[in-house]
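Notes follow once the structure below has been shown.
The values are calculated or read from the model by the stated rules, or taken from the named source; none is laboratory data. Owing to the predicted nature of the structure, the values given are computational and were not obtained by experimental measurement. Methodologically, a virtual Cβ is constructed for each residue, glycine included, from the backbone with ideal geometry; neighbour enumeration extends over all protein chains shown. For the accessible areas, the whole protein counts, side chains as well, though only heavy atoms, and no ligand, DNA or RNA atoms are used. Shrake-Rupley method; radii C 1.70, N 1.55, O 1.52, S 1.80 Å.
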Amino acid sequence: MGIKGTVDLTPAMRQYMDIKEQYSDCILFFRMGDFYEMFFEDAVIASQALEITLTSRNKNKEGAIPLCGVPYHAASAYIAKLIDKGFKVAICEQVEDPKLAKGVVRREVVRVVTPGLVVDPDNLDAKENNFLGAVAADGETLGLACLDISTGEFRVTESRDKANFLAEAAGYHLREVLIPEDLKDRDLLALFSGSDAAGTVNRLTSDYFRRDDAAAVLTEFFGADTLKAAGLDSRPAAAAAAGAALRYAVETQKEHLGHITGIERYETDHFLIVDEIAKANLELFSTIAGRSKKGSLFQVIDETVTAMGGRKLRNWLSYPLVSPERIAERLGAVGDIKEHHLVREGIRKVLGSVYDMERLGARIAMGVANARDLTALGNSLRALPEIKRLTAELTAPAIVNIKQEIDEMPDVKSLIERSIADDPPLTIREGGMIREGFDAKLDEIVAVTRDGRKWIAALEEKERKRTGINSLKVGYNSVFGYYIEISKARTEAIPGDYVRKQTLVNAERYINEELKGYEQTVLHAEDRRQEREYELFLEIRNAVAAEIRRLQITASRIAELDALASLAEVAEKNHYVRPAVDDGDRIDIRDGRHPVVEKMNLTDGFVPNDVVMDMDRNRFLIITGPNMAGKSTFIRQVALIVLMAQMGSFVPAAEAHIGIVDRIFTRIGAADNLSRGQSTFMVEMNEVANILIHATPRSLIILDEVGRGTSTFDGLSIAWAVAEYIHDAAGLGSRTLFATHYHQLMELALTKDGVKNYNIAVKEWGDRIIFLRKIMEGGTNRSYGIQVARIAGVPDDVIVRAKEVLANLEKGELDAVGLPKIAKGKKDTPNRNKDQLSLFRNEDDDILEEIADLDIMTLSPLEAMNRINVWKERLGKKKPS
């Protein structure tokens, strides 16, 4: 900073500078009594970011130091504001009693708050995890570790497929990422520079990610058995990422991480992979327009009543299953709860009284929980016996497992109920937390402060009787404290154990050992009470923290029950059915509905549709029809029904049979990404390339208007080639829905056995159309674009002219004298000599050239007949002369 050597600093300021030097990348919240104060550059930065007053220490004097501060009891809101703006905050507390301190009070940083290491519930989204991420590489293998210290969840995975790895990392929406300082991979750097963590990408020295160093950190924290059980001993990239994340967390949180009890290693191919593009296009968690949660699939299916249940459901939607057995188990549980209406109602009512046990447990283990947190936990534990009683009627294996693993924790509940007051204060230093009767020593201290007047009156009466002085009285003043006052006329009767304390005009004041002892007790009683309550609270909190693993298992089971009950509630409300899911390749949906669109206030109601797909004759469905008719809704709803079925949810349909899908790909719409120098068409082609490279025969591909980002002929050519590749390519042949305006693509059905044409039915009424929104087999060669333009409100003059141009286009490009017919209108009079010979090629020459270029060896009889018919029409059906 440079200030340290140029300003005459007080001992406290020298202490501040020494600590700040160790945390130079943080805003230092330096505890000074009832405030956290910031000085020098921190004060200037924080005052601007927090919009609070900037003042100075030694104001108006030479060497004035910039200063700002916030009350300690309101600090969480200010910290949250700084974290949201990308800052790190180091919390520096007084770690000794100022009354006992010799010289400056000892202070230490007790934890560092960063965007990825937030534990205050007011600063977290209740139904979303808050992950710190770490990325490491071992050769071509990439490792990803994600740690949520607000719950204790610790997940790791690795992959040699960079595209899959990037998709997985993007799915976590990491707010903070740790990467090696020498990382140069452009794709990874681009991913994180454009992510939620863009402002908090921490480049750490290579030793954080070194294989042996990372293994040592993990082994010391978990033990060698945990490392081996998680399979990290044979996965160096995942181990390196996990070691870096854990070491960073330990260094910033000062080892208060007892709730991180294990590591969950997973393989992405054990789940249905839905990358960020597909999640966005299918609007799983937010809408495309406005990025709103309202209007997303999650908003429709989320009826959870606990925060941890909401996070569990979100995880299930992010990671649908691919095992028919596991899917059937979850569907069975949902069905069991759905059929028991009163049980479901009772479970959801009781769950409503359960707090976020996962995050409460984390706060307790980290030593940041207050007495209200313990009260909330006690109230939650009180609900568990009733939850177990209500689930007794349910027999689905998944629910039986949940019941068996719910630990009612009667010992913990009893401890909290016996020790913590019903309505404790927010802070843990002011007393009022501990229930009367829990600790005899505390009760004695409380009694002294509460029953002081009674004790004084009793002493006064006792001393009057002992001395025979009826005028004796016991009093108190702030200067001399407690005293026994006797008039001077009776001083000869004072006992020998009285010691003179003060002389007045008409009286003497004394004190004896009993009153002196009481004085010491009373004067320090409040301090002693607060100190004793704090000691007891720490003991209680530590006792609960010792049972953290039991608490975590129970919390996880309660979260599962809440998520299952939510799916059952949604199925009942929205008339969903249980899908049949197996290892086959057939997708057969009867009267399927879009789960979000059907909830909208549609004038004519939602029109359900059927679909049949397989890997044989129904593998590639081409959907044609006008804009606004429902093509995009239809293809999306198929993908959503598949995804819902594989997450273990009932689905919006009359009947559904789903053959397992391993990945869902989407190419729907596009927007320019100017920040990366990518046009709409480039974005589109990048997404198409990703699909063609990574799709498998088990994948489900949703394509909407591929090729529309470039010229018509280029776009049609690309769309045709993409369709052929997906249908034909060795190892591909994926089940695909392709919505398009390129009617020429319908001809694929003539040459490709697996292609089927479908269209959105439209009823014509004069020159207007009515959308029937029903999927019909067969294609359509009309886009009804002009009619849609009329519906959209385009002026009539434009509509009339568009119809003229369309008619010209449909007749051919040039007229008899070589003028472009697209330019002709009813009012046009070509200024051309009618007798002038045409300089343009005639139709015969064009047809002869097409015949010369034709490869008759690859032409089918049907194609030959179609081409001959076209030539006849172009020649005006001329007969030979």
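Quick look at the values:
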read-out	value
Modelled FRET efficiency - R0 35 Å, residue 725 with residue 577, Cβ distances, 0.05 increments	0.50
Förster-model FRET efficiency, 51 Å R0, residue 294 and residue 797, C-beta, rounded to 0.05	0.80
Rounded, prolate or oblate (a/c below 1.5 giving rounded, otherwise prolate when a/b exceeds b/c) for region 25-99 by Cα gyration tensor	oblate
Net lengthening on full extension, residue 753/residue 216 (0.36 nm per residue, minus Cα-Cα)	187.5 nm
Descending principal axes extents, region 152-222, alpha-carbon based, whole Å	35, 25, 25
Within region 59-95: backbone nitrogen closer than 14 Å to the residue 22 label point (7 Å, Cα to C-beta)	90-95
Gyration tensor (Cα) of region 333-382, equivalent ellipsoid semi-axes in angstrom	30, 11, 5
Full-extension gain in nm, residue 447 to residue 550, via 0.36 nm per residue minus C-alpha separation	33.3 nm
Environment charge of residue 71, counting only residues whose C-beta is closer than 13 Å and scoring Lys/Arg +1, Asp/Glu -1	-1
About the Cα centre, charge dipole magnitude for the chain (Lys/Arg +1, Asp/Glu -1 at Cβ), debye	2160
Probe 1.4 Å - accessible area at residue 547, Å² to nearest ten	50
Per-residue ³J(HN,Hα) for region 634-642, Karplus 6.51 cos²θ - 1.76 cosθ + 1.60, θ = phi - 60°, Hz, x for Gly and Pro	5, 5, 5, 5, 4, 4, 5, 5, 4
Sequence-separation-based contact order of the chain, relative, with Cα cut under 8 Å and 6+ spacing, percent	9
Karplus (6.51, -1.76, 1.60) ³J(HN,Hα), θ = phi - 60°, over region 326-334, in Hz, Gly and Pro reported as x	5, 5, 4, 5, 5, 4, x, 5, 4
Solvent-accessible area per residue, Å², over region 1-136 with all protein chains present [probe radius 1.4 Å]	48
Gap separating the Cα centres of region 391-461 and region 74-107, nearest whole Å	29
Residue 316 - accessible surface, heavy atoms, 1.4 Å probe, Å² rounded to 10	20
Whole-percent carbon and sulfur share, accessible surface of the chain, 1.4 Å	50
The chain, helix-only ellipticity at 222 nm - DSSP H runs n ≥ 4, -39,500 (n - 2.57), divided by all residues, nearest 500	-13000 deg cm²/dmol
Distance (nanometres) between label positions extended 7 Å along Cα→Cβ at residue 160 and residue 440	7.0
Extension reserve of the residue 95-residue 586 stretch, reckoned as 0.36 nm per residue once the Cα distance is removed	170.2 nm
Distance in nm between pseudo-label sites at residue 56 and residue 206 (7 Å out along the Cβ direction from Cα)	4.7
Per residue value of the accessible surface for region 301-375 (all protein chains in place, 1.4 Å probe), Å²	33
Nearest 10 degrees, 0 to 90: helix 11-22 Cα axis against the chain principal axis	30
For residue 106, residues with placed amide H under 5 Å, excluding near neighbours	95, 96
Net charge of Cβ neighbours under 14 Å - reference residue 352; Lys, Arg +1; Asp, Glu -1	-2
Folded to 0 to 90 degrees: helix 452-467 orientation relative to the chain principal axis, Cα	10
Helix axis angle, 236-253 relative to the chain longest principal axis, alpha carbon, degrees	40
Region 85-95 - phi-based ³J(HN,Hα) in whole Hz, Karplus 6.51/-1.76/1.60, Gly and Pro as x	8, x, 7, 9, 10, 9, 8, 10, 9, 7, 9
657, 341, 694, reordered so the largest accessible area comes first (probe 1.4 Å)	341, 657, 694
Cα→Cβ-extended label distance, 7 Å offset, between residue 341 and residue 617, nm	4.5
Among (1) 1.14; (2) 1.01; (3) 1.08, the entry derived from the coordinates for Rg/Rh (Cα atoms, Kirkwood Rh)	(1)
Burial order of peptide ranges 260-267, 212-219 (average beta-carbon count within 10 Å, highest first)	212-219, 260-267
